[in-house]
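Readers should treat all values here as calculations from the given coordinates under stated rules, not as data from a laboratory. Not measured: the values here are computed from a predicted model. Reconstructed Cβ throughout: ideal geometry from the backbone, glycine too, with neighbour counts over all protein chains shown.
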Amino acid sequence: MAGMPNTHDVLPELSTVWLRAFLEVARQGSFTVAARTLGWTQSAVSRQISSLESALGGEPLFDRLPRGVRLTEAGRVLVPYAEAVTDALRGAGRELADLRAGTAGRLRFGAFATADAALVPRALAAFRARRPRVRVTREEGLTPALLDRLTAGHLDLAVVSTTGRAPLDAYDLHHLLDESLYVAVPADHPLAGHEGPVRLGQFADADWIAGGPQPEGTLLDAALRQGFRPRVTHVVAEWTAKQGYVAAGLGVTLIPALAAASVRPDIALLPVLDEGAAARAVYAATVKGRGPAPAARMFLAALREAAETIPAL
């Protein structure tokens, strides 16, 4: 329209207060009624409209009539744009409020495999019941890989453990629980009916099933701390598959306490004697200096609650 500057250049500079006043006057057809509706003075409404008209190049938005006002052609053009801007800002305000409250937004988290046996499902079920509108994505992996994903910004939170010797000093660690270990043996093993904890040294000559060919950085670090190097004869990554090897009599393995409730009936679990320290600690990790999103903070609370429901480990 002649006399009006390019809308693309002007609209980003418009005050939302001006647009609010403009839309109310357009709805009411009166400065006086609009002022009463807004709780402003009539002069304040007039000033907002004058400022808006000046910002748009001086083109009048209303015809001033003896009784009330009427939109000009320029005013009619502006109405849908003003409505779109104010609606978008209201929507943004609602979404930001929901985000602050943790009732919307997203949660991206990862966890190591045995945490998925009980800890994570219980926490996630409680979280989803409280925050059904939050979009949740989950990854499974080993602690070092999860920490890399966390550092790169692909995860908001990671459930990790001290297994794997991953450097943890770059993260805020929220302690969830200390986890003990069990030696899994075939149901017909001579020690299967043994009462009380056993020393790992009693299995120094056994064949071991582990997640890697070297004990370093695996649960078998516990054996190294107790003075012997286990002979790994079968490398099996998945802890449920390890149980199958044990049941077949191919060796023994370590089962973390978080997975102990889901063992096969044809193997026996022997608690490992605590030699002064828990086998591993389980944490929820976030990146230092990077404040977690509200949804991540609320999921952390759910993890802590779930950890308290896990039987004594």
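For this structure, a couple of remarks:
- For SER46, neighbours were defined as the other residues whose beta-carbon sits under 11 Å from its Cβ, and their charges (Lys and Arg +1, Asp and Glu -1) total +1.
- Restricting the chymotrypsin sites (Phe, Trp or Tyr not before Pro) of the range 21-87 to loop positions (DSSP other than H, G, I, E, B) with no more than 10 neighbouring Cβ atoms within 10 Å leaves nothing.
- Mean residue ellipticity, 222 nm, helices only, the chain: the sum of -39500 (n - 2.57) across DSSP H runs of n ≥ 4, divided by residue count and rounded to 500, is -12000 deg cm²/dmol.
- For VAL159, the residues whose amide H sits under 5 Å from its own are GLY110, ALA111, PHE112, ALA285, ignoring neighbours fewer than 5 places away on the same chain, with H placed 1.01 Å from N.
- Within the shell defined by Cβ-Cβ distances under 14 Å, the residues around VAL282 carry a net charge of -1, with Lys and Arg each +1 and Asp and Glu each -1.
- Shape of the range 181-271, Cα gyration tensor, a/c cut at 1.5: rounded
- Looking at the range 169-259, the GluC sites (Glu not before Pro) that sit in a DSSP loop and have at most 12 other Cβ atoms within 10 Å of their own Cβ are GLU195, GLU216, GLU238.
- Low-density loop positions, trypsin sites (Lys or Arg not before Pro), the range 190-240 - DSSP coil, at most 15 other Cβ in 10 Å: ARG199
- Value of relative contact order over the chain, rounded to a whole percent, pairs C-alpha under 8 Å and six or more apart: 21 percent
- Cα-based shape type of the chain, given that a ≥ b ≥ c are square roots of the gyration tensor eigenvalues and the cut on a/c is 1.5: prolate
- Rounded to whole Hz, the Karplus (6.51, -1.76, 1.60) HN-Hα couplings of the range 227-244, x for glycine and proline: x, 9, 9, x, 8, 7, 9, 9, 9, 9, 7, 7, 5, 5, 5, 4, 4, x
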